[in-house]
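A.B. asks: The structure that follows is given in the form of structure tokens.
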Amino acid sequence: MHVAVIDLDKCHFKNCRQECQYYCPPVRNEVMAVDFMESGYPQIHEELCIGCGICAHRCPFEAIKIIGVPEREYGKEVHRYGSNGFVLYGLPSLEMKGVIGLLGQNGTGKTTILNILNGTLVPNFAQTEESKERVLERYKGTYLGEYLSNVYSDKIRISLKPQYVDSISKHFTGLVRDLLKQYGDEAKVKLEEMGVGGIFDKDVKFLSGGELQLLAITAALLKPAELYFFDEPSSYLDISQRLKIAGVLRSLAEKKKVIVVEHDLAILDFMADYVYLTYGEARGYGIVSNSYVTRQAINTYLDGYIKQENMKFRDYEIKFSKRPPELDKSLVPFISWSSLSKRFGSFQLNTEGGELRHGQVVGVIGPNSTGKSTFVKMMAGELIPDSGTITNSVKTSYKPQSPESDFQIPVLEFLEKSLGDRVSENQFKNDVMRPLNLESIGDTNVSELSGGDLQKVYIARTLGKQTDVYILDEPSAYLDADQRMIVARMIKRFAENNKNAVMVVDHDIYFIDLISTSLIVFAGEGGKEGRSFGPLNLKDGMNMFLKNLNITFRRDEKTQRPRINKPDSRLDNEQRRIGEYYYY
């Protein structure tokens with residue numbers, strides 16, 4: 001069984017003169033597998049298509065995909081976007097109690113699932129028309145059927161925390177108090193519970209990514225509902241904030257139904273009770289697995305193989321090391337700094353002295369608002385320290401936390417304007433462009449990119465500049481778990497091959513574990529004072545960081561992935577006693 005997917009944004013029908021039809025064997029045998037819509041764009045009839053893939057290979061714009069789909073999914077289509085658009089197979093059922101998680105590659109249907117479950121999208125079962133009556137008939141006698149009936153009749157109130165919190169400041173102007181005025185004093189109290197009570201009188205446009213995220217979560221929690229959806233609630237939050245939100249959602253799930261889409265595997269493991277996996281081919285099709293307890297689901301996801309369903313959805317396993325890597329002492333230091341200080345109003349940052357080596361990837365971790373971005377901007381030369389010196393004049397390339405998306409030009413043109421001929425160099429293509437799969441979105445306007453694709457474009461733009469130190473602020477935001485692993489390995493390999501230093505500010509423990517050769521650890525009181533230590537080796541850095549947060553990690557017996565210990569558990573107490581908070 002196969003599906004044919006045509007990306008009409010890439011199709012240049014008038015320029016290629018119907019070649020997709022000309023090269024189709026069934027067409028030449030007078031069987032019309034490919035014809036053309038009134039608009040002039042091609043349409044592939046899957047019931048006649050033999051799946052040879054010639055049209056896809058011949059298309060110079062890579063607008064056509066002929067994708068193999070497991071035969072057992074035939075007839076289980078839930079929704080399709082147009083005759084040759086993305087198709088979703090299956091839906092999660094919501095009868096379980098506790099927090100229900102959705103985990104899978106971007107572009108495999110998680111947002112479509114949320115839209116169907118919250119009633120904003122009526123599934124069409126790959127038919128031309130949507131019908132609520134057909135939906136209720138299809139799921140008659142099931143929990144899902146009863147649930148959707150209540151949604152369509154407005155018997156269930158739903159609250160949704162959207163994925164892209166950056167857009168809040170683009171769609172609303174004014175103070176936070178005005179945005180939340182319908183909730184009165186309750187809004188200020190809830191913000192204080194979230195640890196950001198100080199933003200109540202701030203203008204929304206001046207909020208950081210973490211503050212926007214907590215504002216969106218607060219707004220969702222304040223809305224009275226029976227069902228709560230949280231789409232990527234951990235982006236831009238530090239690990240202590242992520243754990244706090246996980247606890248809030250677990251408490252909420254004792255009384256309400258809570259569904260979470262999350263790519264931070266450590267937090268999903270800590271927060272969710274059951275998880276559905278989505279897999280398939282990005283922007284082509286998505287399949288929803290059965291539900292599994294969280295540990296089993298995450299281990300299965302890392303394996304890339306669902307044993308219970310005999311389904312392999314990835315050609316490789318994602319593995320973790322039990323032991324920290326040793327810092328290569330042969331790497332030559334090329335920049336160093338003394339103790340630095342910088343004051344902004346009432347905030348004071350003080351750092352230890354340190355040095356960077358060629359080929360080194362330094363993870364920068366710590367609570368939000370303790371000076372991480374200020375530190376990397378001093379390294380980048382964007383800020384001058386009040387005291388202390390940075391030796392050697394080095395060139396830097398900096399990726400900001402929240403990349404700008406207001407560019408009405410295609411991705412490749414955007415990169416060429418920034419990087420020139422570098423974009424077409426074979427080494428850069430092999431080292432950066434292909435691992436990030438940017439050529440597949442080269443004709444898409446930057447303004448139309450998803451959050452994950454936008455991050456990948458800016459990562460490539462940052463690494464494409466000829467410089468000494470590359471600084472990446474929150475590169476994992478909006479990337480799915482697969483993409484985070486790919487990006488981590490790509491950046492590490494890039495640093496080693498090019499003998500450059502890379503500094504990465506991030507809050508995903510798995511991502512930092514995979515990407516770093518050493519750590520700079522930040523501590524302090526958010527918004528008031530910050531201190532930095534290092535670079536340290538990974539073992540010492542993780543122990544310092546997690547001790548400050550009062551958290552320990554154990555290792556999963558099967559995959560060796562880090563898992564957060566429950567406070568005061570046997571392992572938690574044992575690891576604290578011997579001072580091993582991470583590499584146990």
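The values are calculated or read from the model by the stated rules, or taken from the named source; none is laboratory data. Note that the structure is a prediction, hence the values are computed from the model and not measured. All Cβ positions, even for glycine, are placed from backbone atoms using ideal geometry, and neighbour counts span all protein chains on display. When the accessible area is computed, the model is the full protein with side chains, heavy atoms only, and any ligands, DNA or RNA have been set aside. Shrake-Rupley method; radii C 1.70, N 1.55, O 1.52, S 1.80 Å.
A.B. asks: Tell me which lysines have Cα within less than 27 Å of residue 132's Cα, excluding those fewer than 8 residues away on the same chain?
C.D. replies: Cα-Cα hits under 27 Å: 76, 97, 110, 140, 155, 161, 223, 256, 257.
A.B. asks: Here's another thing I want to ask about it. Could you pull the Cα extents of the stretch 487-551 along its three principal axes, largest to smallest, in whole Å?
C.D. replies: 38, 22, 18
A.B. asks: Let me ask another. Taking H placed 1.01 Å from N in the peptide plane, check which residues at least 5 places from residue 398 or on another chain put their amide H under 5 Å from its amide H.
C.D. replies: Distant-sequence amide H within range of residue 398: 471.
A.B. asks: Using Cα pairs under 8 angstrom and six or more residues apart, how large is the relative contact order of the stretch 316-427, in percent?
C.D. replies: Numbers: 94 pairs, mean separation 26.8, N = 112.
Taking the mean separation of contacting Cα pairs over the length of the stretch 316-427, I get 24 percent.
A.B. asks: Among all cysteines in the chain, which have no other cysteine Cβ under 4.7 Å from their own Cβ?
C.D. replies: By the Cβ distance rule, which asks for a partner under 4.7 Å, the isolated cysteines are 11, 16, 24, 49, 52, 59.
A.B. asks: What are the aspartates and glutamates whose alpha-carbon lies under 17 Å from the alpha-carbon of residue 65, with same-chain residues fewer than 8 places away excluded?
C.D. replies: 7, 9, 19, 35, 46, 47, 281, 439, 443
A.B. asks: Report the paramagnetic label zone for residue 137: residues of the stretch 57-83 whose backbone N is under 19 Å from a point 7 Å from Cα along the Cα-to-Cβ axis.
C.D. replies: Under 19 Å, as judged by backbone N against the label point of residue 137, lie 75-80 of the stretch 57-83.
A.B. asks: OK, next. Per residue, what accessible area does the stretch 153-232 have, given a 1.4 Å probe and all protein chains present, in Å²?
C.D. replies: Numbers: 3860 Å² over 80 residues.
I get 48 Å² per residue for this part.
A.B. asks: Report the FRET efficiency, 1/(1 + (r/R0)^6), for residue 183 and residue 447, where r is their Cβ-Cβ distance and R0 is 25 Å, rounded to 0.05. Intermediate values should be presented prior to the final figure.
C.D. replies: Details: r = 33 Å, r/R0 = 1.31.
The computed FRET efficiency comes out at 0.15.
A.B. asks: Which of the listed residues, 11, 419, 308, is farthest toward the dipole's positive end in the chain, when Lys, Arg count +1 and Asp, Glu count -1 at the beta-carbon?
C.D. replies: 308
A.B. asks: Once the Cα gyration tensor of the stretch 217-261 is found, what semi-axes does its equivalent ellipsoid get, as square roots of 5 times the eigenvalues, in whole Å, sorted largest first? Before the final figure, lay out the partial values.
C.D. replies: On the way: eigenvalues 63, 24, 17 Å².
They are 18, 11, 9 Å, listed from largest to smallest.
A.B. asks: Normalise the Debye intensity by I(0) for the stretch 429-550, one equal point scatterer per Cα, no solvent, then take log10 at q = 0.12, 0.14, 0.17 Å⁻¹ and round to two decimals.
C.D. replies: Once normalised to I(0) and log-transformed, intensities are -0.49, -0.66, -0.91.
A.B. asks: Same structure again: With everything on Cα atoms, drop me the angle between helix 239-252 and the longest principal axis of the chain, reported from 0 to 90° to the nearest 10.
C.D. replies: Approximately 50 degrees, to the nearest 10.
A.B. asks: Å³ per residue of the Cα convex hull, for the stretch 438-501? Each step should come with its number before you reach the end.
C.D. replies: Working: hull volume 5.9 nm³, N = 64.
Dividing the Cα hull volume of the stretch 438-501 by its residue count gives 93 Å³.
A.B. asks: Another one. Could you tell me how many degrees, from 0 to 90 and to the nearest 10, lie between the Cα long axis of helix 209-222 and the main elongation axis, the longest principal axis, of the Cα atoms of the chain?
C.D. replies: Rounded to the nearest ten degrees, it is 60.
A.B. asks: Considering only 167, 241, 291, whose Cα is most displaced toward the positive end of the charge dipole of the chain, charges sitting on Cβ of Lys, Arg (+1) and Asp, Glu (-1)?
C.D. replies: 241
A.B. asks: Mind ranking 566-576, 94-104, 184-194, 211-221 by how tightly packed they are, going by the mean number of other C-beta atoms within 10 angstrom, highest first?
C.D. replies: Numbers: 566-576: 13.5, 94-104: 20.1, 184-194: 15.5, 211-221: 23.2.
Top of the packing list down: 211-221, 94-104, 184-194, 566-576.
A.B. asks: Suppose all protein chains stay in the model; what accessible area per residue would a 1.4 Å probe give for the stretch 35-89, in Å²? Intermediate results must be reported in sequence, preceding the final value.
C.D. replies: Numbers: 2920 Å² over 55 residues.
Value for the stretch 35-89: 53 Å² per residue.
A.B. asks: Please work out whether the stretch 359-419 counts as rounded, prolate or oblate from its C-alpha gyration tensor, where a ≥ b ≥ c are the square roots of the eigenvalues and a/c under 1.5 means rounded, while otherwise a/b larger than b/c means prolate and anything else oblate? Kindly include the intermediate steps, with their values, before the conclusion.
C.D. replies: Working: a/c = 2.26, a/b = 1.72, b/c = 1.31.
Judged from the Cα gyration tensor, the stretch 359-419 comes out prolate (a/c at least 1.5, a/b above b/c).
A.B. asks: Between [x] 70, 58, 51; [y] 86, 68, 52; [z] 77, 57, 50, which matches Cα extents along the principal axes in Å calculated for the structure shown?
C.D. replies: Read-out taken from this structure: [z].
A.B. asks: Next up: For the stretch 286-298, in order, what is each residue's ³J(HN,Hα) by Karplus, 6.51 cos²θ - 1.76 cosθ + 1.60 with θ = phi - 60°, in whole Hz (x at glycine and Pro)?
C.D. replies: x, 10, 9, 7, 5, 7, 9, 4, 4, 4, 5, 5, 5
A.B. asks: Moving on to the next point. Suppose every K and R has +1 on its Cβ and every D and E has -1 on its Cβ; what is the size of the dipole of the stretch 220-327 about the Cα centre, in Debye to the nearest 20? Can you show the working numbers first?
C.D. replies: Values: 15 positive and 15 negative charges, 47 e Å.
That gives the stretch 220-327 a dipole magnitude of about 220 debye.
A.B. asks: For the chain, take the longest principal axis of its alpha carbons; what is the angle in degrees between that and the long axis of helix 143-152, to the nearest 10 within 0 to 90?
C.D. replies: 90 degrees
A.B. asks: I've got another one for you. What does the charge dipole of the chain about its Cα centre add up to, to the nearest 20 debye, if the Cβ of each Lys and Arg holds +1 and the Cβ of each Asp and Glu holds -1?
C.D. replies: Numbers: 73 positive and 77 negative charges, 261 e Å.
About 1260 debye.
A.B. asks: Now, a different point. Roughly speaking, to the nearest percent, how much of the chain's 1.4 Å accessible area is carbon and sulfur?
C.D. replies: Values: 12050 of 25690 Å².
It is 47 percent, rounded to a whole number.
A.B. asks: Something else about it: What is the set of long-range amide H partners of residue 125 at a cut-off below 5 Å, with H atoms built 1.01 Å from backbone N?
C.D. replies: Under 5 Å from the amide H of residue 125: 79, 80.
A.B. asks: Along each principal axis of its Cα atoms, how long is the stretch 270-320 end to end? Whole angstroms, biggest number first, please.
C.D. replies: Dimensions of the stretch 270-320 along the principal axes of its Cα atoms: 30, 23, 20 Å.
A.B. asks: Kindly give Rg over Rh for the stretch 243-356, based on alpha-carbon atoms, with the Kirkwood expression for the hydrodynamic radius. Let's see the in-between values first.
C.D. replies: Values: Rg = 21.7 Å, Rh = 18.7 Å.
Rg/Rh: 1.16.
A.B. asks: Decide, for the stretch 82-153, between rounded, prolate and oblate: order the square roots of the alpha carbon gyration tensor eigenvalues as a ≥ b ≥ c, take rounded if a/c falls under 1.5, and otherwise choose prolate if a/b is larger than b/c, else oblate. Intermediate values should be presented prior to the final figure.
C.D. replies: On the way: a/c = 2.02, a/b = 1.04, b/c = 1.94.
Taking the square roots of the gyration eigenvalues as a ≥ b ≥ c, the stretch 82-153 is oblate.
A.B. asks: Taking H placed 1.01 Å from N in the peptide plane, check which residues at least 5 places from residue 335 or on another chain put their amide H under 5 Å from its amide H.
C.D. replies: 356
A.B. asks: Can you list which of the GluC sites (Glu not before Pro) found in the stretch 408-489 are DSSP loop residues with at most 16 other C-beta atoms within 10 Å? All intermediate terms of the calculation are to be shown ahead of the outcome.
C.D. replies: Numbers: sites: 413, 416, 425, 439, 448; in loops: 425.
Passing sites in the stretch 408-489 are 425.
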